[in-house]
1. Which of (1) -0.77; (2) -0.88; (3) -0.64 is the computed log10 I(q)/I(0) by the Debye sum over Cα atoms at q = 0.14 Å⁻¹ for the structure on display?
2. What percent does the relative contact order of the stretch 43-86 come to when contacts are Cα pairs within less than 8 Å and at least six residues apart?
3. Less than 11 Å Cβ to Cβ from residue 59, Lys/Arg counted +1 and Asp/Glu -1: what total charge do the surrounding residues give?
4. For the stretch 1-153, give me the percentage of DSSP beta bridges that are antiparallel, rounded to the nearest 5 percent.
5. Each residue of the stretch 65-81 in turn: what ³J(HN,Hα) in whole Hz from Karplus with 6.51, -1.76, 1.60 and θ = phi - 60°, glycine and Pro shown as x?
6. Could you work out how far the C-alpha centroid of the stretch 27-72 sits from that of the stretch 131-157, in angstrom?
7. Would you mind putting 12-22, 109-119 in packing order, based on average other-beta-carbon counts within 10 Å, highest first?
8. Just tell me which lysines come within less than 23 Å, Cα to Cα, of residue 128; anything on the same chain fewer than 8 places away is out.
Amino acid sequence: KNQAVKVFRTTDGWDTHTEIEITAADREAYDYFGYEAVAIDGTTVVVGARRAKGKKGAAYVFRLTDDGYEEVATLTASDGVEDDKFGSSVAVDGDSIVVGAEGVNSAQGAAYVFYTRDGGDTYEQTDKLMGQYTWKYEFGAAVAMDGGSFVVGAPGG
């Protein structure tokens, strides 16, 4: 299965709308692209794919152009391994993106912080936050952000 995400945009209070389909350029069957994780802020869309890149996971960043959404970055964990589930949750606000990876270290979980200094042309990993060292803590199963703050869910905590 090759997954896609659809973005709905309006300029007239939803009397009419456009529908734009987004897919990853390097998509493969069963990547789980957009299955659990999507986020939008202004003209930036982030889509998680927790089984992409050899089952390590990835998050894809798209920006709205005159021709639709253009893929501008693929985020991966600097220390990713198979079954980390990187991309199981995503959040974006301005120049910052947080990506959850609930499978890191036998489901201890982690949240990775990325930042752009050039308006979204490139993103760098600036931090990695870990959950408590307990089995199935699943830190990073959910993330949300607003302004300079973000929260990270840990359903096994």
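1. Checking each listed value against the structure points to (3).
2. Relative contact order comes out at 40 percent.
3. Summing Lys/Arg as +1 and Asp/Glu as -1 gives +2.
4. Details: 46 of 48 bridges.
Bridges in the stretch 1-153 that DSSP calls antiparallel: roughly 95 percent.
5. Computed from phi, the couplings for the stretch 65-81 are 10, 5, 9, x, 9, 9, 6, 10, 7, 10, 9, 9, 6, 5, 10, x, 9 Hz.
6. 20
7. Packing proxy ranking, top to bottom: 109-119, 12-22.
8. 53, 55, 56, 85, 136
Coordinate-derived values only; no laboratory data. Because the structure is predicted, anything quoted here is derived from the model rather than measured. Ideal geometry is used to build each Cβ from the backbone, glycine not excepted, and the neighbour counts take in all protein chains shown.
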